[in-house]
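As structure tokens, the structure follows; a few thoughts come after it.
The values are calculated or read from the model by the stated rules, or taken from the named source; none is laboratory data. These numbers come from a predicted model, not from an experiment. Note: ideal-geometry Cβ built from the backbone for every residue, glycine included; neighbour counts use all protein chains shown.
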Amino acid sequence: MKKDYLNDVFKMLLWTLLFLVLFSFIPEIKIGSFTSRKVDMLSDIRLVKPRLRPELQNQIAVADTISPDTIAMKKDTIQIRKEPERIHDGVVLFEDYSGNESGLNHLCNALSNSENSPVRIAFLGDSFIEADILTQDIREELQSHFGGRGVGYVPMTSMTAGFRRTVIHQFNRWSTVSVVNHAGLDKNNLFIAGQYFTAEDGAFATFKGTSALKGLDVFGSAKFLFVNKENTEIKLTVNKEDTHIYNPSSADSLQCIEVEGEITSLNIKLSRPSGFTAFGVYLNDKSGICVDNYSLRGTSGTNLAQVNILLSHEMSRYVDYDLIVLEYGQNVVSKDVYNYNAYADKMIKVVGHLKECYPETDILIMGVGDRSKRGTSGFETMPEIYEMIDAQRRVARETKSVFWDTFTAMGGENSMLSYVEHKPVWANKDYTHITHAGGRPIAAKFVEALLYRYNRKEDL
């Protein structure tokens, strides 16, 4: 009778599979210069998700509570560190790590005087806020409370001009030099926008107000900032009819042309632009809220350490800031990377450098928003996001700045999935970037936190 080998083959396959699964748990082995390669048969089905730290569990799952004190080890001593309140009455609060809750004093004092002088806020960020997403709604909300008109900073040229809703922007014959594209970068011209502009003869840029959002169709002041080292002529036309010719002096220092009135459009045209560097225009009122969007696609924020201190001080004469918001991190979060201490170390230096550039300005760190990847049961929050939030909170703590938890404001874990599925759509199907509509609920939470802090100023 012929032997049936099927059972033997089946047993052999089971033993082989069992061996490979057990082998997956063997760590890498190093012998001299040789390192074995780890085999993981379960890698495609294993979900690596770090345990949430106590403070993250509180902020995601518990509202109306005060985060517990934490114990900080420092050499041979034990310190009890009081953590700021994070959520109160549904408000995702600004977490003040200044030590005496003075982290936003400068901004709040400026807001109290907004009827007499402008309050200027700069958002420095990546593609999460490009095309004025999020900041357009923060601007509109704050201007409704504290006055002011206009879109604020607009670059001479932009890859998102057709996508931006807050200004009608046309341009030609300009070149952009940025920290993302290092070719020919002159650090003497580097300010917080991370870019500057050179021109060909006949270069022009037109900026026109819009009624897409409130307060953007008319503004009271237009500033054009530049350095003119040679013999450039500037033709500036306001409201398509009032034209002025400027021949600024040749100098290495920053210059500014400002026009005032009820402005609906501004056109700038250059002749003989050799030696000319433009930084952009600022379209605002002489009082109320000014929110400037300095977004730069693909940046991590660490290149802000290259910002020229002297140029920043010169620009402060024309465009000073009461608050600088740093919105970065999405370009750094990577699959299977759970330690962002090196990034935090760099951003701590960045904040210190920005405080040298703008010594009277408050600094606020925005944590990354939710971001999803495909898991075993559909799209879910990347576990690496939690580690980045921790790193960014550490930056705020060690620089005595303010932190705001965008992740919690969006709704916490798996909120990005709800944004993508929302009607109208609040986020793109890359499960990373929000849409114009998606920026509005986050902006409402941000303004809610700011007004909560402002209304408490007398108690602090």
Taking the residues in the range 418-429 that are in a helix (DSSP H, G or I) and free of Cβ contacts under 8 Å to residues at least 40 places away in the same chain as candidates, determine which candidate is nearest to residue 362 (Cα to Cα). 418
Residues located in the range 236-291, provided they are touching a Ser or Thr at 6+ places or on another chain (Cβ under 6 Å) and among the aromatic types (Phe, Trp, Tyr): 276
So which residues in the range 115-128 are surrounded by 14 or more Cβ atoms within 10 Å (Cβ to Cβ) and under 14 Å from residue 320 (Cβ atoms), if there are any at all? 118, 119, 120, 121, 122
Inside the range 271-311, can you point out the residues that are charged (D, E, K, R) and within 27 Å of residue 166 (Cβ to Cβ)? 285, 286, 292, 297
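To keep it simple, each residue is scored yes or no on (1) crowded, with 24+ Cβ neighbours inside 10 Å; (2) polar (S, T, N, Q).
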{"position": "364", "(1), (2)": "yes, no"}
{"position": "379", "(1), (2)": "no, no"}
{"position": "386", "(1), (2)": "no, no"}
{"position": "399", "(1), (2)": "no, yes"}
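From the list 228, 247, 267, pick out the single residue that is in the same structural domain as residue 191 (by TED's automatic domain parsing), over 17 Å from residue 314 (Cβ atoms) and surrounded by 14 or more Cβ atoms within 10 Å (Cβ to Cβ).
Details: 228 fails: over 17 Å from residue 314 (Cβ atoms); 247 fails: surrounded by 14 or more Cβ atoms within 10 Å (Cβ to Cβ).
Just a single option satisfies the conditions, and that option is 267.
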Of all strands (runs of 3 or more DSSP E) completely enclosed by the range 195-294, which ones contain at least 1 residues that are touching a Cys at 6+ places or on another chain (Cβ under 6 Å), at pLDDT 95 or above and under 25 Å from residue 140 (Cβ atoms)? 219-228, 276-284
Over the range 295-305, the set of residues assigned to a helix (DSSP H, G or I) and among the small types (Gly, Ala, Ser) is 305
Tell me yes or no: at least one residue of the range 275-282 is in contact (Cβ under 8 Å) with a residue 12 or more places away in the chain, closer than 18 Å to residue 147 by Cα and in the same structural domain as residue 198 (by TED's automatic domain parsing). yes
Restrict the check to the range 280-299 and report whether at least one residue is out of contact with any Asp or Glu (no Cβ under 9 Å at 6 or more places or on another chain), buried (at least 17 other Cβ atoms within 10 Å of the Cβ) and more than 30 Å from residue 244 (Cβ to Cβ). no
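Per-residue answers, yes or no, for (1) surrounded by 18 or more Cβ atoms within 10 Å (Cβ to Cβ); (2) at pLDDT 95 or above; (3) within 23 Å of residue 88 (Cβ to Cβ):
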| residue | (1), (2), (3) |
| --- | --- |
| 347 | yes, yes, no |
| 354 | yes, yes, no |
| 359 | no, yes, no |
| 406 | yes, yes, yes |
| 414 | no, yes, no |
| 421 | no, yes, no |
Does any residue of the range 317-328 turn out to be of a type in the set (Lys, Arg) and either closer than 24 Å to residue 445 by Cα or modelled with pLDDT of 95 or more (or both)? yes
Please pick out the residue among 197, 123, 191 that is in contact with a helix residue (DSSP H, G or I) (Cβ under 7 Å, 6 or more places away or on another chain), of a type in the set (Phe, Trp, Tyr) and not assigned by TED's automatic domain parsing to the domain that holds residue 312. 191
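Counting only residues that are part of a loop (DSSP other than H, G, I, E, B) and among the acidic types (Asp, Glu), which one in the range 306-331 is nearest to residue 397 (Cα to Cα)?
322
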Within the set of pairs 6 or more residues apart or between chains, which connect a residue that is farther than 19 Å from residue 300 by Cβ inside the range 117-139 to a residue that is part of a helix (DSSP H, G or I) and aromatic (Phe, Trp, Tyr) with Cβ atoms less than 6 Å apart? 138/446
